[in-house]
1. In region B:6-24, is there at least one residue being aromatic (F, W, Y), surrounded by 14 or more Cβ atoms within 10 Å (Cβ to Cβ) and at pLDDT 65 or above?
2. Testing B:R54 on (1) within 12 Å of DNA strand C (Cβ to nearest atom); (2) surrounded by 20 or more Cβ atoms within 10 Å (Cβ to Cβ); (3) in a helix (DSSP H, G or I), one condition comes back false. Which one is that?
3. Filter region A:57-71 down to the residues that are more than 12 Å from DNA strand C (Cβ to nearest atom) and in a helix (DSSP H, G or I) and list them by number.
4. Do you know which of the residues in region B:141-165 that are in contact (Cβ under 8 Å) with a residue 40 or more places away in the chain and under 20 Å from B:A72 (Cα atoms) is surrounded by the most Cβ atoms within 10 Å (Cβ to Cβ)?
5. Does A:L121 meet the test of being crowded, with 21+ Cβ neighbours inside 10 Å, in contact (Cβ under 8 Å) with a residue 12 or more places away in the chain and within 14 Å of another protein chain (Cβ to nearest Cβ)?
6. Check whether at least one residue in region A:49-69 is over 20 Å from A:G25 (Cα atoms) and at pLDDT 95 or above, and report yes or no.
7. What are the pairs with Cβ atoms under 7 angstrom where one residue, in region A:43-63, is away from chain B (no Cβ under 14 Å) and on the phi > 0 side of the Ramachandran plot and the other, located anywhere, is modelled with pLDDT of 95 or more and near DNA strand C (Cβ under 8 Å from one of its atoms)? Sequence gap at least six, or different chains.
8. Considering each of A:A202, A:A136 in turn, give the residue that is under 25 Å from A:A79 (Cβ atoms) and among the hydrophobic types (A, V, I, L, M, F, W, C).
Protein chains: 2
Amino acid sequence: MARGDVTESRRARANPKADHPYHHGDLRAALVDAAYELVERDGADALSLREVARRVGVSHAAPKHHFSDKAALLAAVGARAFDELAATMEQARRRAGDDPLARLTSAGVAYVSFAASHPALFRSMFGGALAGAADAEVRARSRRAFEVLVDAASHAAGPSATPAELRVLVTAAWSAVHGLSLLWLDGRLGRRARAGGGEAIARLATEVTELLAEAVRRRVESRGPRP
Amino acid sequence: MARGDVTESRRARANPKADHPYHHGDLRAALVDAAYELVERDGADALSLREVARRVGVSHAAPKHHFSDKAALLAAVGARAFDELAATMEQARRRAGDDPLARLTSAGVAYVSFAASHPALFRSMFGGALAGAADAEVRARSRRAFEVLVDAASHAAGPSATPAELRVLVTAAWSAVHGLSLLWLDGRLGRRARAGGGEAIARLATEVTELLAEAVRRRVESRGPRP
DNA sequence: CTCCCAATCTTGACAGTGGCAAGATTAGCA
DNA sequence: TGCTAATCTTGCCACTGTCAAGATTGGGAG
């Protein structure tokens, strides 16, 4: 479910569970797969290296040769998750057509929808283990997702927006969808929003991003031509 | 540092560390104190019940009689933290005077400033252990903090704002400051913001909340009188 | 084709964790 | 003054992440 298959390299292994040859063939990818599933289900805090190893059918110390650390495994999971997020958002942008406002809102909706449909995963992508060390790869992959938002916000602000104005819009939009996602996951948006399910949160995201875009556009227009 | 002292009840204990009488006197409060400090320093994930017990000078199983669970202790810490947040925000509102916009922005700034000066604590107040069970007390205390924001946003929207418009503003403002706090804590706002320290994040919060308030106000005004 | 090195995986151990159970100690009420 | 119930301790279990040393094997050098 998580995502298609991963390059099954080198050796064609008939049965991954029954006959456990001493060398697994593609342990690294298998570990990331299993970890991704577990994190998606129970979150990063609940992840146990030993459990991952067990699922893959390998001894508890085997992961050590591919991931120095539990944090390293989580970083790999995070990188994959951000790829997923970026793909989702890019697809949403593509589907949104040419209208700049529609592009922004649909990117925002894609963001919160991803959070809503992968709650534990989404939480694990920020803060916690991924925050401190901030694996370089994770940062790079996450940037791609954010670029979608930045691009959409830029168009929504209009061509004559100042860099500073643009920066405020981008920061505000990103903060808003991010905060909206987390507050909703925490169930802190009142029961009206919670009851509505995925639809309610999507509508909220639309309203909020529209509000922001509208604000910047008006501000830009009322200022007159760019100095 | 965390906050003054807690009601030292019942018995006056001369030396809390040296002579450990069989009955501590006020173990519950002492545990919360110690846990609060540890969470503030290292976050909820890093908290160890045994470490807390050690700090208080008590056996590792003693906390069981006051907190059924590690989550229960964290809930107590969370409740205290939300009290702190609420107090900070109320103070900010008081200092802001009468201007509705100033009230909103200063509440928002107080929110992100709290996050910035208590990073690990702030993270622990949301998601993770506090998210699932959602201790009733924590919810109640947190509501008080959010009320400040709601109140400020209401005034900023103007007297003729519709309930629906108001709800959008409140949700947007709250989401924005919340997301802003977390993204900044994660170091995801670019190096310009990170380098600025507490000042930069406060400025961002001001700009974002002002943008939102402005948007709603214009929307309300341009709509004409309330239907 | 053979042999050997290095990568890969396993077994075993250690310190630390949260939670449970049974016993020691004491506070405060009858 | 005595005794019950609350409080705290000791001891244990299953589990975790990490390390060290040994077993196994793939794949290139000769």
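1. Scanning region B:6-24, I find no residue that is aromatic (F, W, Y), surrounded by 14 or more Cβ atoms within 10 Å (Cβ to Cβ) and at pLDDT 65 or above, so the answer is no.
2. Unmet for B:R54, out of (1) within 12 Å of DNA strand C (Cβ to nearest atom); (2) surrounded by 20 or more Cβ atoms within 10 Å (Cβ to Cβ); (3) in a helix (DSSP H, G or I): (2).
3. Scanning region A:57-71 gives A:K70, A:A71.
4. Going through the qualifying residues, I end up with B:S142.
5. Judged against the criteria, A:L121 is a match.
6. No, the conditions are met nowhere in region A:49-69.
7. none
8. That would be A:A136, the only listed residue that is under 25 Å from A:A79 (Cβ atoms) and among the hydrophobic types (A, V, I, L, M, F, W, C).
The values are calculated or read from the model by the stated rules, or taken from the named source; none is laboratory data. Worth saying up front: this structure is predicted, and the values here are computed from it rather than measured. Neighbour counts are summed over all protein chains in view; Cβ atoms, including those assigned to glycine, are modelled from backbone coordinates with ideal geometry.
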